[in-house]
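J.: What follows is a structure written as C-alpha cells; I'll ask about it next.
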Amino acid sequence: MKKMIHLLFAGILASTSALAGATDKLKLYTIDCGVIKVSDMDVFSSSGDYAKQKATLASTCFLISHPAGNLLWDTGLPGSLINEEPAVNGVFTLSLDKTIITQLAEIDLTANDINFVSISHSHFDHVGQISSFPTATWLVNNKEKNAMFASDELKVQNAGFNGLKQKTFDGDYDVFGDGSVKILAMPGHTKGHTVLQLMLEDTGPVLISGDLYHQAKSRALKRVPRFNVDEPETRKSFDHFEKTVKELNAKVIIQHERNDVEKLPELPSFLQ
Ligand SMILES: [Zn+2]
C-alpha cells in the first residue's frame, strides 16, 4: 500500500512538472478576426494583373502567451460588425462572427490579461477592436505611431489608441528580452509596418507577415498593392523578410491567406 501511494505521488509529481514545463513554453493562439470578401482584387497589385479577380481573405489576429505576459498581435475588424449583415465598403464586404474578447473567454482570459498589444500596421482591418483592451501597453514603432496621428482626420480615426500606456521603439523590438518574440520593422506598406517573429520551441521559428503580403500568390509573384505608401521600401522589406525566412528556416503565416490560417490549430488549441 505504502509503495502504491508512493508511486501514485511520484506520478502526480511527474505530471505536474510536465505541465509546468508545458506552461513555460511560448504559445501561439490563432484568433478569427473576420472575413473580407473582395469583389475586385485590382487594388492588391500595382502590376494590374489582379483586375476583376475575386477573393476571400481571412482577417487573423494572434495571442502570444509568454511566461512573462500575453501579447495580442493585431485587433482585426471592428466589433460593431457582430450580429450585423456583412458591411459593404467599396470592393470590400466585411463580416465578423466573434469578437476577440469572446474568443479569449474560450481560454479563460479577459481583456485585463492582455499585457501588450501591437499592430502590424494601422489599416482598418487591424485596429478594429483596440478599444476592447484599455489596460494593455501598446508596443509601437515610432514611424507608424507618427503616421497614425499626422492629421486631424487620422487622430479621430485612431482615437481608440489614446489613453493606452505606450512603449515606442525604432527598428526592431524584443518584446520579452529573451529573443523569443520580436517585432521586426518591415516598412513600405505603411510607414512603420511590422512583422512578428516567434521562436516556438516545438514548431520552430515562425514569421507572421502582417500585410507585407496579402496572399501566398502575392508573395510568390512579389506583388505590391496599390494602397501602399512606398513601393521601393516595400520591395526592400520583401528581401529582408525572405532573407530572414531563409536564415531561420522559418515557417510563414500570411494573416490574410486562408490556406495558411486554416492549417493552424483552432482555439483552445495552440502551437508551441
Ligand atoms: Zn489587412
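The values are calculated or read from the model by the stated rules, or taken from the named source; none is laboratory data. None of the values given here were measured: they were computed from a predicted structure. Positions of Cβ are generated from backbone atoms using ideal geometry, with glycine treated the same way; all protein chains shown enter the neighbour counts. These accessible areas exclude ligands, DNA and RNA; they are computed on the full protein's heavy atoms, side chains included. Shrake-Rupley method; radii C 1.70, N 1.55, O 1.52, S 1.80 Å.
J.: Restricting attention to segment 259-271, does a residue exist that is open to solvent by less than 10 Å² (accessible area, probe 1.4 Å) and either away from the ligand (no atom under 15 Å from the Cβ) or of a type in the set (A, V, I, L, M) (or both)?
T.: The answer is no; no qualifying residue exists.
J.: Another question, if that's okay. For segment 97-109: of the residues being open to solvent by 50 Å² or more (accessible area, probe 1.4 Å) and not in a loop (DSSP other than H, G, I, E, B), which is farthest from residue 52 (Cα to Cα)?
T.: Top of the filtered list is 105.
J.: Restricting to segment 210-254, count the residues that are in contact (Cβ under 8 Å) with a residue 60 or more places away in the chain, within 16 Å of the ligand (Cβ to nearest atom) and among the hydroxyl-bearing types (Ser, Thr, Tyr).
T.: 1
J.: Further, regarding this structure: Could you tell me which of the residues 56, 60 is among the hydroxyl-bearing types (Ser, Thr, Tyr), surrounded by fewer than 18 Cβ atoms within 10 Å (Cβ to Cβ) and part of a strand (DSSP E or B)?
T.: So the residue among 56, 60 that is among the hydroxyl-bearing types (Ser, Thr, Tyr), surrounded by fewer than 18 Cβ atoms within 10 Å (Cβ to Cβ) and part of a strand (DSSP E or B) is 56.
J.: OK, next. For residue 165, indicate whether it is within 16 Å of the ligand (Cβ to nearest atom) and open to solvent by 50 Å² or more (accessible area, probe 1.4 Å).
T.: It is false that residue 165 is within 16 Å of the ligand (Cβ to nearest atom) and open to solvent by 50 Å² or more (accessible area, probe 1.4 Å).
J.: Looking at residue 226, is it in contact with a helix residue (DSSP H, G or I) (Cβ under 6 Å, 6 or more places away or on another chain) and not acidic (Asp, Glu)?
T.: yes
J.: A further question on this structure: Could you run through segment 172-193 and say how many residues are under 18 Å from residue 147 (Cα atoms) and free of Cβ contacts under 8 Å to residues at least 24 places away in the same chain?
T.: Qualifying residue count, segment 172-193: 1.
Okay, residues lined up against (1) surrounded by 12 or more Cβ atoms within 10 Å (Cβ to Cβ); (2) among the acidic types (Asp, Glu); (3) at pLDDT 95 or above; (4) more than 16 Å from the ligand (Cβ to nearest atom):
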position: 7; (1), (2), (3), (4): no, no, no, yes
position: 26; (1), (2), (3), (4): yes, no, yes, yes
position: 77; (1), (2), (3), (4): yes, no, yes, no
position: 92; (1), (2), (3), (4): yes, no, yes, no
position: 95; (1), (2), (3), (4): yes, no, yes, no
position: 111; (1), (2), (3), (4): yes, no, yes, yes
